[in-house]
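Trainee: Quick one: the structure is below, and I'll ask about it shortly.
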Amino acid sequence: MALHRHRGPAARALRAAALLAWTSLPALVASGPAATEEAGRPPPAAADWPAIVEAARGQTVYFNAWGGADPINAYIGWAGERVAAEYGVTLRHVKLADTADAVARVLAEKTAGRTEGGSVDLIWINGENFAAMKANGLLYGPFVEALPNWALVDVENKPTTVLDFTIPVDGMEAPWGMAQLVFLYDTARLDAPPPSVAALLDWSRAHPGRFTYPAPPDFIGTTFLKQVLHALVPDPAVLQSAPADEAGFAATSAPLWDYLDALHPTLWRAGAAFPTSGQAQLQLLDDGAVDIALSFNPGEASAAIAQDRLPPTVRTYVLDGGSIANTHFLAIPFNAGAPEGAMVVTNFLMSPEAQLRKQDPDVWGDPTVLAMAKLDPGWRDAFADQPLGPATLPPDRLGRALPEPHPEWMVRIEEEWLRRYGS
């Protein structure tokens, strides 16, 4: 499951700060360390880890995290039991309806001059909320490289672990879990699914009506558009910055619209209608109306099979060259009352033990951020032997995680798609 980011009033209030962050990268790179200096604490060093663990003993960590899913809440509860037993740290889950509420609380404390002893010690975060915190100097660190389990993270094949929606992480938040675009297909009707964006168009022409995608602004539909654009632009690196101007957007996105103009007549209902959501699209796959569908959770197909929402013959795959992915993170506010405890909790949540349990579909089913090649053989075998469900790809078969484009591309692509194809 990807991090659930709500769009409530607090999120809208902070969106302006996030947009400022996305367009002011030079200032942002320096904002994190400055935040720690404001609180009077130097960034931690890896050599200080034993001292950090000792200082954490007896601390209470207030972990502000979305609380809308019972399996996730239960997992956080288990983690609290483990860090209490092993490190003497008490973990309190502050259940949020909106991550931006915690960001707003930290911002209010900074405005009031509360630079130490803040009410938030750890936040589950990514995207615009991280950008807003970084832009406003609300983060502690950099601290991530001081965590022993940072060395196990798959930064080589998961670049989103160091780049959060194009914003450099700079050690100010620690990767916790992954979300990645996968394609679902029914092996009862399709033996060899198309392995690339170009092959998908050829396949759809040869099998009219057997593919579709959710209508943007549904996030799965928009992610499909970003995947296609990434595959078609001569240099995908251009997508990591905002479009320079209208002409630049038109020129760069032109291959996407040419592709969709060719694809849409071959789709379900000849492209005259689109499913309104990812769930509606999966229903079409279950009904046999289409042969290929999309998901942003690599474990969703297995969960749907277990719940009799998809036939047991459904499997997943990723396109050659990888697919759009993002990472959800853990960040420590600049004025956290228990920064050492927060680092100990974060390091535990990045451990092979915690990551293996988190990936278990019976617990949460959230993909790991770790690199299998960096693990000890025992843990590597444990991940390899973990039953992920019949349709879930193991981590080493998910391919390269392609970075999200700059957020302005998402906004502009959705607007242009609705202008061209929306009803």
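Trainee: What residue among PRO234, ALA192, TRP176 has its Cα farthest toward the positive end of the dipole of the stretch 126-236, where the charges are +1 on Lys, Arg and -1 on Asp, Glu, each on the Cβ?
Mentor: Sorting the options by dipole projection puts first ALA192.
Trainee: Taking +1 at the Cβ of each Lys and Arg and -1 at the Cβ of each Asp and Glu, which of GLY378, PRO394, GLY365 sits farthest along the dipole of the stretch 337-398 towards its positive end, judged by Cα position relative to the Cα centre?
Mentor: PRO394
Trainee: Where a ≥ b ≥ c are the square roots of the eigenvalues of the C-alpha gyration tensor, would you call the stretch 242-389 rounded, which needs a/c under 1.5, or, failing that, prolate if a/b is larger than b/c, or oblate?
Mentor: oblate
Trainee: Please report, to two decimal places, log10 I(q)/I(0) for the stretch 140-271 at q = 0.14, 0.22 Å⁻¹ as given by the Debye formula with identical point scatterers on the Cα atoms and no solvent.
Mentor: Calculated log10 I(q)/I(0) at the listed q: -0.82, -1.34.
Trainee: Counting Lys +1, Arg +1, Asp -1, Glu -1, what net charge surrounds PRO387 among other residues with beta carbon under 9 Å of its beta carbon?
Mentor: -3
Trainee: Specify whether the C-alpha gyration tensor of the stretch 131-183 places it in the rounded, prolate or oblate class, a ≥ b ≥ c being the square roots of the eigenvalues: rounded for a/c under 1.5, otherwise prolate if a/b is larger than b/c and oblate if not.
Mentor: Oblate, because a/c is 1.5 or more while a/b does not exceed b/c.
Trainee: Note down the magnitude of the dipole of the stretch 175-316 about its Cα centre, charges +1 on Lys and Arg C-beta and -1 on Asp and Glu C-beta and zero elsewhere, to the nearest 20 debye.
Mentor: 220
Trainee: What aspartates and glutamates sit close enough to LYS110 to cross-link, taking a C-alpha to C-alpha distance under 16 Å and skipping anything fewer than 8 places away on the same chain?
Mentor: Counting by Cα, and skipping residues close in sequence, LYS110 has these aspartates and glutamates nearby: GLU37, GLU38, ASP101, ASP121.
Trainee: How high is the relative contact order of the chain, in percent, counting Cα pairs under 8 Å that sit 6 or more residues apart?
Mentor: Computed value for the chain: 26 percent relative contact order.
Trainee: Just to compare against my own numbers: the Cα pair-distance distribution for the stretch 373-423, 5 Å bins, whole % per bin, please.
Mentor: All Cα pairs, binned at 5 Å, distribute as 4, 14, 14, 12, 10, 9, 11, 11, 7, 6, 2 percent.
Trainee: Taking every DSSP beta bridge that has both residues in the chain, what percent is antiparallel when rounded to the nearest 5?
Mentor: Taking every DSSP beta bridge with both residues in the chain, the antiparallel ones total about 65 percent.
Trainee: Just want to confirm a number: the relative contact order over the stretch 250-357, from Cα pairs under 8 angstrom separated by 6+ residues, in percent.
Mentor: Taking the mean separation of contacting Cα pairs over the length of the stretch 250-357, I get 12 percent.
Trainee: Separate question: In whole Å, what are the extents of the stretch 85-140 along the principal axes defined by its C-alpha atoms, from largest to smallest?
Mentor: That works out to 36, 25, 18 Å along the principal axes.
Trainee: Please list, or write none, the aspartates and glutamates whose alpha carbon is within less than 13 Å of the alpha carbon of LYS374, excluding same-chain residues fewer than 8 places away.
Mentor: ASP154, GLU156, ASP396
Trainee: Of the listed pairs LYS134/LYS358; LYS134/LYS226; LYS158/LYS226, which have alpha-carbon separations greater than 23 Å here?
Mentor: In this structure, LYS134/LYS358; LYS134/LYS226 lie more than 23 Å apart at Cα.
Trainee: Then there is this: What GluC sites (Glu not before Pro) in the stretch 113-210 are in a loop by DSSP, with at most 14 other Cβ atoms within 10 Å of the Cβ?
Mentor: Of the GluC sites (Glu not before Pro), the ones in loops of the stretch 113-210 whose Cβ has at most 14 other Cβ atoms within 10 Å are GLU116, GLU156.
Trainee: With an 8 Å cut-off on Cα pairs and a minimum separation of 6 or more residues, tell me the relative contact order of the stretch 352-423 in percent.
Mentor: With pairs under 8 Å counted, the relative contact order is 22 percent.
Trainee: I want the local charge near GLU54. Using Cβ-Cβ distances under 15 Å, sum +1 for each Lys or Arg and -1 for each Asp or Glu among the other residues.
Mentor: Cβ neighbours under 15 Å give a net charge of -2.
Trainee: Note down the magnitude of the dipole of the chain about its Cα centre, charges +1 on Lys and Arg C-beta and -1 on Asp and Glu C-beta and zero elsewhere, to the nearest 20 debye.
Mentor: Once rounded to the nearest 20, the dipole reads 580 debye.
Trainee: Next question. Which angle from 0 to 90°, rounded to the nearest 10, does the C-alpha axis of helix 407-421 make with the longest principal axis of the chain?
Mentor: Once rounded, the angle reads 20 degrees.
Trainee: Using modelled amide H (1.01 Å from N, peptide plane; none on Pro or chain starts), what sits under 5 Å from the amide H of ILE292, excluding residues fewer than 5 places away?
Mentor: THR212
Bear in mind that the values in this text are calculations on the coordinates, not laboratory data. Owing to the predicted nature of the structure, the values given are computational and were not obtained by experimental measurement. Cβ coordinates were reconstructed from backbone atoms using ideal geometry, including for glycine residues, and neighbour counts include every protein chain displayed.
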